[in-house]
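Please read the structure below before turning to the comments.
The values are calculated or read from the model by the stated rules, or taken from the named source; none is laboratory data. Note that this is a predicted model, so its numbers are computed, not measured. Note: ideal-geometry Cβ built from the backbone for every residue, glycine included; neighbour counts use all protein chains shown.
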Amino acid sequence: MSSSESSGREERSSRDQSAKVTSEEKIKEGTISKFLKFFGKGGLVSPIVRRRRMVTALVLGFLGTNFFMFLRFFFPRTLFEPKTVFRIGYPSDFGYGIDTKFQKDHRVWVVRNSEGIFVIFATCTHLGCTPDWKPSENKFKCPCHGSGYDTEGVNFEGPAPRPLDRAKLEIDAEGQIVVDTGVLFAWPKGMRSQFQDPGAFLRL
């Protein structure tokens, strides 16, 4: 390729870029000029017409804003809550003691003792905070107001009025444990405990 051809291509490319920039500038200037013309800037428009246009723009902006706020009622933000029914595995997967691996995703603890398995719903019965399992103290401890629960979720210290609730559990056709936190068993103060009701405890 000769130097003259290369130079010609560079000149054409430079002209194309200049034409593109000029075109963009014209579009921008045209938009700005239309905006200014509407509000009477840079033209012979009377103050009355200018004020009318300003008021019109403000009213339209106000109505538009309220219209979009009105539409938000029909498209609310959706909160995706964890599933209330889920599998946690086979009974043989759990050793004696407290299993905390489902606390983060499902807010439950799986407890196995000499009689069987039950699932504690990890919500403090005082004000709804999430307690923590303290292995060194062998208890559940609420960080909000100091309520304490033993290994079976029974309250023994702090302002909690009753034991922690238990979630429903059952064995499915495949032999796995299915938990349903949409169904809870409670032990209201001064009333009968539901912890021995069918579904609250899995005997092994």
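A few remarks follow.
- For segment 104-128, taking the residues that are exposed (fewer than 15 other Cβ atoms within 10 Å of the Cβ) and not basic (Lys, Arg), the one that is nearest to the chain's Cα centre (by Cα) is identified as Asp105.
- Applying the condition of being outside any helix (DSSP H, G or I), hydroxyl-bearing (Ser, Thr, Tyr) and surrounded by 10 or more Cβ atoms within 10 Å (Cβ to Cβ) to segment 56-95 and asking which residue is modelled with the lowest pLDDT yields Thr84.
- The set of residues in segment 171-193 being farther than 21 Å from Trp109 by Cβ and among the acidic types (Asp, Glu) consists of Glu174 alone.
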